[in-house]
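Some notes on the structure that comes next.
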């Protein structure tokens, strides 16, 4: 086994833990790793990332499904609405210069990092409020939310476009949207997002057929296998660690990768 393949498997393990714990983060971490650590072309990396995201989601969803944390109908509806955006984004990605693709990706990382920091702060406030409640007191029931179909369809289409264009699973958008639009709990939304990622990854790969993009299957599959193993570990981790801690670590990691990606693209 070459050094690159061993490194791919080990790094994939770490990425899989993040996906299994948060229901997001696979592609958004895999792309810069494939480009800057494993030396892949950015266009090839986005295609490889879809393979990794899909296989990792498949492994990670098993844990959540056994615990009833996957809303199958809602997830399939969201995934179906995202397919048009995924197909369009996949075709557009192949037409964009590699440097522009990575600069745009760095900007996406920065935006998601800020959003995740805000979510971590909100989650910390909720955890503090829960800790102050008397022992045995029940948490207040969440307010009922009505399904806004225009918002859901628009967000699903935008998520699909990001999946196709950047090779990301889109879980960082799917999770909060499932919470806000469908009223799912964070844990159930994380599980359901894996179903959406499965469908979106498959559509993104199929949409790349006929484009001039080549995948290094040896490195990609080892990365994916390591990521699948990490996904199995990340599921139980999500039940043991505080959600705010996981989210804060993820946000910090994204911010660091955003700065590195932008610096490498502009100065490298």
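The values are calculated or read from the model by the stated rules, or taken from the named source; none is laboratory data. Since we're looking at a predicted model, the values are computed, not measured. Reconstructed Cβ throughout: ideal geometry from the backbone, glycine too, with neighbour counts over all protein chains shown.
Worth a mention:
- Among the residues of segment 184-212, those identified as surrounded by fewer than 18 Cβ atoms within 10 Å (Cβ to Cβ) and in a loop (DSSP other than H, G, I, E, B) are 185, 209, 210, 211, 212.
To keep it simple, each residue is scored yes or no on (1) over 21 Å from residue 252 (Cβ atoms); (2) at pLDDT below 80.
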{"position": "1", "(1), (2)": "yes, yes"}
{"position": "5", "(1), (2)": "yes, yes"}
{"position": "8", "(1), (2)": "yes, yes"}
{"position": "12", "(1), (2)": "no, yes"}
{"position": "19", "(1), (2)": "no, yes"}
{"position": "28", "(1), (2)": "no, yes"}
{"position": "71", "(1), (2)": "yes, no"}
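- Out of 154, 161, 200, one residue alone is under 26 Å from residue 95 (Cα atoms) and at pLDDT 85 or above. It is 161.
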